[in-house]
Amino acid sequence: MVLKDRSTAIEKMLKHTVQLNGLLIPIKSIESTLCNYTHPLIIWNHDETYSIGLIGSGTAIYYRSKYLLLCTRHQLNALNGRNYEDVGLLDKDGHSFCSAAGIRQYFNHLNDVDLHDLVVFDFTEPCRDRPHMRERFFNWEYIPPDTTSDQIIGFIVSGYPSKEQNYGLSDAEKHLGLRRAQVVCSLAPYSDQPKEDPTILRLIPIEPLRFEPDGMSGGIAFVTQFTNGIPRAYFAGMIVRAGTHSFYILKTGFIRNFINWCLYP
């Protein structure tokens, strides 16, 4: 189930298609297409009754031959000291848990800027064993080129708000009733951007939120903008903080630099 804005600002601005990695995406499908790369971040509870739990959102990308899941370190506080192997994704059928075997990279003992909240799990080996998982990772090739604000059409962010989820515990079936939120945003004015932290951008929802966004940290963000007169969509970052009036996303340039530094030294 998907929580969407009452109206779609991007659909109002465009009539035809948006380019994504060279492919033409119908405008009516652009939100659902882009938001498919946000996944529920799952924890294995080692409990017969509550076998799994939702601890937030994760961004799945394929970059330089590796399948990677991005999330925030503050989401992992739910582990309470347990093994990182207990963090993962649900399989495509939604019934099987898939762990990255605890293989992750993060900033240890640093907490100066939001970039230091970034955690990267390496799902390359699990995706080799389960080929059907690969389609869930966005093939990241490009960073949004610098442009003027009048060339930006809008941002789309997505995630799994905690209060909108449901865990069924009937004798017949145990399941997570997952609801993904998709929100169209604009770029906050330069004067309202966080000057103390150059690693993030502040976005403003086009319409007031009808739900609490707590739990959307770790979700993916895309920007649609005109490049050489053509509307294109780019991976713009990952949500690190969310409130009813603002989303803060970690910029892709800093994400790329961190991944290159820790996985391709």
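The values are calculated or read from the model by the stated rules, or taken from the named source; none is laboratory data. Everything numeric in this text was worked out from a predicted model, so none of it was measured. Cβ: placed from backbone, ideal geometry, glycine included. Neighbour counts: every protein chain shown. Accessible surface is based on the protein model in full, side chains and every heavy atom, while ligands, DNA and RNA are left aside. Shrake-Rupley method; radii C 1.70, N 1.55, O 1.52, S 1.80 Å.
Straight-line reach from residue 28: which aspartates and glutamates have a Cα under 20 Å away, not including same-chain ones fewer than 8 places off?
5, 11, 207
Distances longer than 32 Å among the Cα atoms of the chain: what percent of all pairs is that?
Working: 6613 of 34980 pairs.
It works out to 19 percent of all Cα pairs.
Quickly work out the residue 260-to-residue 207 label distance, labels modelled 7 Å from Cα along the C-beta direction, and quote it in nm with one decimal.
Each label point is offset 7 Å from its Cα along the Cβ direction, giving 4.0 nm.
Which sequence of 44, 261, 140 reflects their accessible areas, 1.4 Å probe, from the largest down?
Working: 44 90, 261 170, 140 10 Å².
The ranking, largest first, comes out as 261, 44, 140.
At 1.4 Å probe size, what's the solvent-accessible area of residue 122? Round to the nearest 10 Å².
It works out to around 20 Å².
Give me the log10 of I(q) over I(0) for the stretch 8-142 at q = 0.11, 0.13, 0.20, 0.21 Å⁻¹, as the Debye formula computes it from C-alpha points; what are the numbers?
At q = 0.11, 0.13, 0.20, 0.21 Å⁻¹ the computed log10 ratios are -0.47, -0.64, -1.19, -1.25.
Compute the FRET efficiency between residue 66 and residue 191 as 1/(1 + (r/R0)^6), taking r as their Cβ-Cβ distance and R0 = 51 Å, and round to the nearest 0.05. Before the final figure, lay out the partial values.
Values: r = 38 Å, r/R0 = 0.75.
Step by step, r from the Cβ atoms, then E = 0.85.
Quick one: if you stick a label point 7 Å off each Cα along the C-beta vector at residue 142 and residue 91, how many nm between them?
3.6 nm
Express in whole angstrom the spacing between the alpha-carbon centres of the stretch 83-118 and the stretch 41-65.
Going from one Cα centre to the other spans 8 Å.
Report the gain in length on full extension from residue 107 to residue 82: 0.36 nm times residue separation, minus Cα-Cα distance, nm rounded to one decimal. Mind dumping the intermediate values first?
Working: separation 25, 0.36 × 25 = 9.00 nm, distance 1.83 nm.
Result for the pair: 7.2 nm of gain on full extension.
Kindly report, to the nearest 10 Å², the accessible surface of residue 62 as traced by a 1.4 Å probe over protein heavy atoms only.
Near enough 70 Å² of accessible area.
Please state the charge dipole magnitude for the chain, taken about the Cα centre, from unit charges on C-beta atoms (+1 on K and R, -1 on D and E), reported in debye and rounded to the nearest 20. Spell out each step's value before the answer.
Details: 26 positive and 28 negative charges, 126 e Å.
Dipole about the Cα centre, nearest 20: 600 debye.
What is the helix-to-structure angle for 252-263, meaning the angle in degrees between its Cα long axis and the longest Cα principal axis of the chain, kept from 0 to 90 and rounded to the nearest 10?
40 degrees
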